[in-house]
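First up is the structure itself, then whatever we jot down about it.
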Amino acid sequence: MRGAIERDKMTSTHKPKRALLAYCALADRLQKPNAGLMEALMPFFAPVCKELAGKMFDATQFSDEVAHRYGLRIPRLAVLGLAEQLEQDGLLECVSGQATKAVYKYPPAQQIAEEEVPAVTELEIDNVLTDFVAICRTDEILENLDDEALHKGFLERLLHTDSMQLLSRREAKPTTKRTVTTLTREAQVLDSDERRELRLDFHVAQFLLDLKLQKPERFNRVSDIAFANMAAEALACFSDPANSPASLTGFSVYLDSPLLLDVLGVNSEYEDYGKELLEMIQAANAKPLVFDDAVAEAETVVAARLAVARSGKVQPVGPWGVATPHVLNAMSNQVGAQAAQRGIETRADPTLDLIRRSKETYGSIQVSMDKQMAAWQNEEARTHDQRTVWSMLRIRDVTTLRTKIRESQAVFVARNTVLVRIANEAWRTWLHEAVRHSRDTAERWAPIAMSDKQLAGYLWLRNSAVGNGTMSRARLLAHCSAAIRPRPDVKARAYNLVLELEGKEAADAVAALLEDRDGERALMRATRADPEDVTPERLSYIVEQIKLGAGEFAAARVREEGRIAAESKQAQHDAEVARIQQAAADETAKVGAQAESLAQGLAQETLQRIQAENQLKAAQDELERERRQKQLAAEGKFSEAFDGAFRLYRRLRWQLFCLYGALLLFALLCTEAQVQAAIVFALTMAGFWFFPKFFEYPLRYLALRFMKRELKRLDVSNMLRPTEQPDFGDTFWAKVRFETIALAPESVAKPASQVSEHAAKQTAADVS
């Protein structure tokens with residue numbers, strides 16, 4: 001019994017570190033190529049199955065154990081969906097039943113192998129936890145907490161930075177004091193546990209931001225843990241990413257108002273995060289949308305904050321973040337247009353009246369939302385959020401069961417996890433009570449709302465090339481920056497205390513320093529974002545830190561040294577400046593005139609050169625065109641002369657053949673042996689036809705003479721080379737000749753115009 005107690009104590013002591021190591025192992029697995037998503041979760045599942053070795057499998061118990069050990073909450077239905085995969089991985093054994101109603105148990109512990117975490121990772125986690133504990137030991141409220149409690153606080157806030165109380169903590173209400181120039185804030189009554197939690201919130205946020213600047217390698221490891229948590233949460237809650245295509249074409253993502261302002265850069269802490277989230281949505285081919293009611297709310301927020309900025313007053317910013325006046329000016333009455341420029345389409349709220357479908361269910365959901373949103377301070381914000389929930393209920397199909405996010409065609413995304421939970425509860429209630437689906441069926445239906453963290457993990461799991469873990473890093477930094485943003489109640493408390501103790505002049509000096517961003521951050525560091533930490537005993541330390549943060553001490557020394565130097569050299573300096581300015585002006589005018597003259601001359605020369613080049617090119621083109629026309633005309637005449645000679649050659653051959661045959665026939669008819677004579681006649685005729693050498697030369701000579709005579713008549717006799725012999729047996733000889741000359745190298749195929757005068761005379765002599 002005692003041993004079991006000691007074992008449980010040891011397990012509890014190492015729980016935060018064990019969880020961090022498991023997330024590190026998951027991050028390493030997810031960032032490897034071709035990583036199996038279900039296999040990546042084995043660092044979480046294997047130790048749980050080993051702890052429950054030999055027991056019957058129960059989905060609720062398994063879910064609770066994973067949540068207890070790692071802070072990863074897996075719905076019971078999702079666990080049931082994972083059972084078959086757990087069996088394939090050897091973490092469960094099927095006892096009986098079929099696939100749909102199988103009964104499982106955990107195998108013996110020795111059959112389950114746990115994930116080995118590299119020693120370097122464990123050392124990194126130890127260093128991070130040690131550094132965080134050392135910082136907390138300097139806080140009098142946290143100094144008595146043991147290491148386990150601090151480790152646990154760090155883990156919870158690292159995995160769920162959006163739930164830190166600093167983000168939602170109400171500020172103290174302003175009240176009037178004894179004088180009209182004094183403004184104080186009533187301190188909230190906080191018990192010790194609440195103050196301890198708030199201090200942990202601040203220290204975790206500040207620690208992570210300092211880690212990013214001072215030790216980026218360790219910060220990357222820590223951000224990997226946040227990334228692994230994001231992916232594990234999405235994988236455990238949504239069953240479709242593993243086998244579904246990466247593209248989300250036709251899928252609509254409706255953004256909540258704060259997310260819309262993040263994307264538009266209105267919230268300075270969340271600007272980078274909002275842009276990256278939008279890029280992930282668009283990279284997955286999903287359609288980012290907003291309801292027109294969300295645009296109207298965003299316009300109202302921008303207008304209200306712009307009015308406050310112009311008035312010079314300080315007002316709590318709540319979940320909307322911090323924005324500079326010029327950004328607010330650019331967004332005033334332009335939220336819809338700016339969203340459209342970034343690819344975000346505005347849709348009208350659906351008009352389907354759900355109350356007619358089921359008045360009782362409508363009333364039940366409305367009452368439930370009013371109760372859960374009672375903490376909403378802003379009535380308009382509460383009304384907007386409720387309208388958004390009703391709009392999502394209207395656009396969702398309720399007839400066909402859709403268990404996968406992709407099949408649902410639309411989802412609402414918000415930073416407010418409470419709003420996400422309310423929306424999904426309303427959805428399940430509507431499916432069960434209004435549509436009459438069973439509770440189990442309603443539970444299996446894909447949700448209508450997701451947190452931004454869940455959406456980022458879902459998109460990454462569908463396409464690991466998108467985001468590559470940087471999304472979680474941007475989100476982590478955004479939440480940390482928002483958590484430690486300067487609080488007006490802390491600033492007012494510091495101002496009023498200085499006013500009471502040191503007077504208005506000293507208070508105004510502190511107020512001026514707090515206008516500097518570094519001064520504000522120094523105040524938050526010195527007070528741990530707690531207005532109750534601004535006490536008379538700590539006031540001198542706080543003011544000193546503010547001055548150091550704003551650079552007051554250094555600025556004072558510089559101002560004093562500058563004043564002494566300026567008084568002795570002011571006149572000399574002014575004269576020297578005037579002289580230099582005049583000389584510079586004269587030199588500038590002189591150089592300008594010379595440069596202008598040179599530029600004009602160069603421009604004129606360039607223009608003339610271009611004109612001359614254009615004229616030369618035009619003349620060359622005209623000469624080439626005329627030469628080509630003459631060449632074509634000469635080639636036509638040459639072909640005409642050759643065609644005449646060809647016809648003459650063919651005609652002479654036939655005439656000679658017929659004459660010879662007639663003479664032979666006449667001679668043979670005069671003989672007695674007519675049959676023999678006929679045979680001899682036929683052979684003689686055939687022999688003459690196929691024995692052209694005898695008469696070939698005279699025929700070609702006559703044809704060539706005719707051709708040369710025609711060429712001379714047509715005034716193109718120089719086109720026939722002296723040694724060239726036309727082929728009068730080929731009717732296409734002239735055409736082939738010109739094609740061959742055109743394709744031949746310039747050194748071989750010379751134009752007819754380049755034939756020497758001697759060669760022309762020689763040709764004429766041969767013809768004669």
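The values are calculated or read from the model by the stated rules, or taken from the named source; none is laboratory data. As the structure is a prediction and not an experimental result, all values here were calculated from the model. Using ideal geometry, Cβ is built from the backbone for each residue, glycine included, and neighbour counts are taken over all protein chains shown.
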*Are there any pairs with C-beta distances below 7 angstrom linking a residue in the range 645-657 that is over 13 Å from residue 701 (Cα atoms) to a residue that is part of a helix (DSSP H, G or I) and not aliphatic (A, V, I, L, M), with the two at least 6 apart or on different chains, and if so which?*
656/695; 657/688; 657/689
*Test residue 154 against the criterion of being part of a helix (DSSP H, G or I), crowded, with 16+ Cβ neighbours inside 10 Å and modelled with pLDDT of 85 or more, and give yes or no.*
no
*Return the pairs, sorted by first residue and then second, in which the second residue is in a helix (DSSP H, G or I) and among the basic types (Lys, Arg), the first residue lies in the range 581-600 and is surrounded by 10 or more Cβ atoms within 10 Å (Cβ to Cβ), the beta carbons are less than 6 Å apart, and the residues are 6+ apart or on different chains.*
none
*asked:* For the condition touching a residue at least 12 places away in the same chain (Cβ under 8 Å), assigned by TED's automatic domain parsing to the domain that holds residue 348, surrounded by fewer than 24 Cβ atoms within 10 Å (Cβ to Cβ) and within 12 Å of residue 342 (Cβ to Cβ), what is the one hit in 278, 255?
replied: 278
_Hits in the range 373-384 (condition: touching a residue at least 24 places away in the same chain (Cβ under 8 Å) and buried (at least 16 other Cβ atoms within 10 Å of the Cβ))_ = 373, 381, 384
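When you look at residue 217, is it over 20 Å from residue 156 (Cβ atoms), modelled with pLDDT of 70 or more and among the charged types (D, E, K, R), yes or no?
Details: over 20 Å from residue 156 (Cβ atoms): yes; modelled with pLDDT of 70 or more: yes; among the charged types (D, E, K, R): yes.
Yes: the conditions hold for residue 217.
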*asked:* Looking at the range 107-116, can you tell me whether even one residue there is modelled with pLDDT under 75 and within 16 Å of residue 19 (Cβ to Cβ)?
replied: yes
*Need at least 3 residues that are more than 20 Å from the chain's Cα centre (by Cα) and either polar (S, T, N, Q) or modelled with pLDDT of 70 or more (or both) per element, so show me which helices (runs of 4 or more DSSP H) inside the range 230-316 make the cut, counting only ones lying wholly within it.*
292-311
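Please work out if residue 358 is closer than 15 Å to residue 252 by Cα, in the same structural domain as residue 263 (by TED's automatic domain parsing), surrounded by 15 or more Cβ atoms within 10 Å (Cβ to Cβ) and among the small types (Gly, Ala, Ser).
Spelling it out, it is not the case that residue 358 is closer than 15 Å to residue 252 by Cα, in the same structural domain as residue 263 (by TED's automatic domain parsing), surrounded by 15 or more Cβ atoms within 10 Å (Cβ to Cβ) and among the small types (Gly, Ala, Ser).
Name every residue in the range 492-510 that is free of Cβ contacts under 8 Å to residues at least 40 places away in the same chain and either part of a helix (DSSP H, G or I) or closer than 16 Å to residue 544 by Cβ (or both), in order of residue number. Break it down stepwise before answering.
Step one: list which residues in the range 492-510 are free of Cβ contacts under 8 Å to residues at least 40 places away in the same chain, which gives 501-503, 505-510.
Selection gives 501, 502, 505, 506, 507, 508, 509, 510.
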*Taking the range 700-726 as the search range and keeping residues that are among the polar types (S, T, N, Q) and buried (at least 16 other Cβ atoms within 10 Å of the Cβ), which one is modelled with the highest pLDDT?*
718
_Breaking point among (1) over 21 Å from residue 225 (Cα atoms); (2) modelled with pLDDT of 55 or more; (3) surrounded by fewer than 18 Cβ atoms within 10 Å (Cβ to Cβ), for residue 199_ = (3)
_Which numbered condition residue 29 fails, given (1) assigned to a helix (DSSP H, G or I); (2) touching a Pro at 6+ places or on another chain (Cβ under 9 Å); (3) at pLDDT 70 or above_ = (3)
*Do we find a residue being modelled with pLDDT of 85 or more, more than 27 Å from residue 518 (Cα to Cα), outside any helix (DSSP H, G or I) and over 27 Å from the mean Cα position of the chain (by Cα) anywhere in the range 449-463?*
no
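Could you pull out every one of the helices (runs of 4 or more DSSP H) wholly within the range 365-435 that has 2 or more residues that are assigned by TED's automatic domain parsing to the domain that holds residue 452 and either in contact with a His (Cβ under 9 Å, 6 or more places away or on another chain) or of a type in the set (Val, Ile, Thr) (or both)? Give the derivation first.
Details: elements: 379-395, 405-408, 417-429.
Filter on the range 365-435 gives 379-395, 417-429.
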*Looking only at the range 667-699, which residues are over 26 Å from residue 645 (Cα atoms) and either modelled with pLDDT of 75 or more or part of a loop (DSSP other than H, G, I, E, B) (or both)?*
670, 671, 672, 673
*asked:* Condition first: exposed (fewer than 13 other Cβ atoms within 10 Å of the Cβ) and at pLDDT 80 or above. Can you find one or more residues in the range 742-758 that meet it?
replied: no
*Identify the residue in the range 349-397 that is touching a helix residue (DSSP H, G or I) at 6+ places or on another chain (Cβ under 6 Å) and of a type in the set (A, V, I, L, M) and, among all such residues, is farthest from residue 434 (Cα to Cα).*
373
